[in-house]
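**Student:** Structure incoming, see below.
The numbers here are math on the coordinates, done by the rules we state, and not lab data. Keep in mind it's a predicted model, so treat the numbers as computed, not measured. Cβ atoms come from the backbone with ideal geometry, glycine included; neighbour counts cover every protein chain shown.
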């Protein structure tokens, strides 16, 4: 499940050990990923680098379970992926990112 914390100048999305902070005051996005015993250095990019927030859904062939995620797509071609509990939560998180950044669907 993606947890959202919304403010006028900041949006925080947390999914498991990954946290994405979108900060309008600093004009940057930060991805933090914590996994024991190592802590990775945060990755940062300008907010203007984020061109889209997309929902991805695949079905596991073995269990037939639906696996959903949100991808923040960067203009440079890379992306940050957060896993979601289901398509509804992924869609809500992607919509929150789009609304916060003022980008079209």
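**Student:** How much length would be gained if the chain were fully extended between residue 60 and residue 95, taking 0.36 nm per residue of separation minus their Cα-Cα distance, in nm to one decimal?
**Tutor:** Numbers: separation 35, 0.36 × 35 = 12.60 nm, distance 2.49 nm.
Difference between extended and current length: 10.1 nm.
**Student:** In the stretch 70-105, whose amide N lies under 13 Å from the spot 7 Å out along Cα-to-Cβ of residue 12? List them in ranges.
**Tutor:** From the stretch 70-105, the list is empty.
**Student:** Can you compute the modelled spin-label distance between residue 105 and residue 23, with each label point 7 Å from Cα toward Cβ, in nm?
**Tutor:** 3.2
**Student:** Okay, helix-only estimate at 222 nm for the chain: each DSSP H run of n ≥ 4 adds -39500 (n - 2.57), divide by all residues, round to 500 deg cm²/dmol; what do you get?
**Tutor:** Numbers: 1 runs with 15 residues, N = 105.
About -4500 deg cm²/dmol.
**Student:** How many angstrom lie between the C-alpha centres of the stretch 1-46 and the stretch 54-98?
**Tutor:** Cα centres, the stretch 1-46 to the stretch 54-98: 16 Å.
**Student:** Another question about this same structure. Tell me whether the stretch 36-105 comes out rounded, prolate or oblate; compute the Cα gyration tensor, take square roots of the eigenvalues as a ≥ b ≥ c, and use a/c under 1.5 as the rounded threshold. Before the final figure, lay out each step's value.
**Tutor:** Numbers: a/c = 2.13, a/b = 1.25, b/c = 1.71.
Judged from the Cα gyration tensor, the stretch 36-105 comes out oblate (a/c at least 1.5, b/c at or above a/b).
**Student:** Which order do peptides 95-101, 85-91 fall in by mean Cβ count within 10 Å, highest first?
**Tutor:** On the way: 95-101: 17.4, 85-91: 15.6.
Peptide ranking by packing, descending: 95-101, 85-91.
**Student:** For labels at residue 1 and residue 41 in the simple 7 Å Cα→Cβ model, what's the distance in nm?
**Tutor:** Going from the residue 1 label point to the residue 41 one covers 3.5 nm.
**Student:** Something else about it: As I understand it, the value is the acute angle between the Cα axis of helix 87-101 and the longest principal axis of the Cα atoms of the chain; what does it come to in degrees, rounded to 10?
**Tutor:** Result, in degrees: 10.
**Student:** Here is a further query. So for each of 62-68, 40-46, 28-34 I average, over its residues, the number of other beta carbons within 10 Å; can you give me the resulting order with the highest mean first? Before the final figure, lay out each step's value.
**Tutor:** Working: 62-68: 10.7, 40-46: 12.3, 28-34: 16.3.
Ranked from most to least packed, the peptides come out as 28-34, 40-46, 62-68.
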